[in-house]
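Asker: Here it is, the structure in full.
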Amino acid sequence: DAKTTQPTSMDCAEGRAANLPCNHSTISGNEYVYWYRQIHSQGPQYIIHGLKNNETNEMASLIITEDRKSSTLILPHATLRDTAVYYCIVRPNTNAGKSTFGDGTTLTVKP
Amino acid sequence: GAVVSQHPSWVICKSGTSVKIECRSLDFQATTMFWYRQFPKQSLMLMATSNEGSKATYEQGVEKDKFLINHASLTLSTLTVTSAHPEDSSFYICSASPNSGRGTDTQYFGPGTRLTVL
């Protein structure tokens, strides 16, 4: 799986947008970008994924650059409950495609 | 999204005993499930890939005789930590993807099992 690089930590004010970047410069053509988050002592929670087009769901938006070498996860209105470790993963979009976790970004939403 | 459960959510055992952890896909079938381990303040580390009806594939450095994996049905995989020792104390997490055969095969994670070996 391609390696991803994320900042170690970020802060965000409650109610503001949180923009979490991820670099995946060695991504392959068949690999998707997935985002998960992990709240302390829980399993990772799926947020969103995409191949090359920007995606949006009820949780977040995903912006993927045209060359697919980087992406940004956007939480439009961060709340205190969004404080978590956010992982960016690239993997083939098959049920056998394993997820390799990097260190992720610890997002702290402050009042 | 799809739901993956784990049982038990936490377990405390004595050194030398064996512990079985179950991973179930509640509303979908999964040919493949994955087992991860997470130590405090660290990221998830993939231990093995569990394949229904066949042997598991272990990552480098993971002892297959210590971490026994059985994937007997399309909704259940078990991880047995044999002869557990304190260094096996960790947070064990499983994941699975629906066998959709089309489009998105998002991987969903269980809530994790906290193992403490005394």
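Asker: With N set to the residue count of chain A, report its C-alpha Rg divided by 2.2 N^0.38 Å to two decimal places.
Answerer: Compared with the compact-globule rule of thumb, chain A sits at 1.00.
Asker: Top mean-square fluctuation among B:22, B:52, B:87, Gaussian network model of chain B, C-alpha springs under 10 Å?
Answerer: Judging by the Gaussian network model, the answer is B:87.
Asker: Counting other C-beta atoms within 10 Å, which of B:17, B:75 has the fewest, and how do the rest follow?
Answerer: B:17, B:75
Asker: Return the FRET efficiency for the residue pair residue B:68, residue B:29: r is the Cβ-Cβ distance, R0 is 22 Å, and the value is rounded to the nearest 0.05.
Answerer: Calculated value: 0.50.
Asker: Still on this structure, please answer the following. Given the options A:68, A:16, A:91, which has the most mean-square fluctuation in a GNM of chain A, springs set between C-alpha atoms less than 10 angstrom apart?
Answerer: Result for chain A, Cα springs under 10 Å: A:16 fluctuates most.
Asker: State which entries of A:69/B:20; B:14/B:64; A:3/B:64; A:52/A:98 exceed 31 angstrom in Cα-Cα distance in the structure shown.
Answerer: Among A:69/B:20; B:14/B:64; A:3/B:64; A:52/A:98, the Cα-Cα distance tops 31 Å for A:69/B:20.
Asker: Compute the relative contact order of chain B as a whole-number percentage, counting only Cα pairs closer than 8 Å that sit 6 or more residues apart in sequence.
Answerer: Averaging sequence separation for qualifying contacts and normalising by length gives 36 percent for chain B.
Asker: Right, next: Just need the relative contact order of chain A here, percent rounded to a whole number, with Cα pairs under 8 Å and 6+ apart.
Answerer: Dividing the mean separation by the residue count of chain A yields 37 percent.
Asker: What FRET efficiency comes out for residue B:83 versus residue A:13 if R0 is 35 angstrom and r is the Cβ-Cβ distance? Round to the nearest 0.05.
Answerer: 0.10
Asker: Running a GNM on chain B with Cα contacts under 10 Å, which residue among B:97, B:54, B:73 ends up with the highest mean-square fluctuation?
Answerer: Largest GNM mean-square fluctuation: B:54.
Asker: For the pair residue B:22/residue B:118, report the inter-label distance in nm, with labels modelled 7 Å from Cα in the Cβ direction.
Answerer: Spacing of the two 7 Å Cα→Cβ label points: 2.5 nm.
Asker: If we count other beta carbons within 10 Å of each Cβ, what is the order of A:12, B:23, A:22, fewest first?
Answerer: A:12, A:22, B:23
Coordinate-derived values only; no laboratory data. Keep in mind that what you see is a predicted model, and the values were worked out from it rather than measured. Positions of Cβ are backbone-derived with ideal geometry, glycine not excepted, and every protein chain shown enters the neighbour counts.
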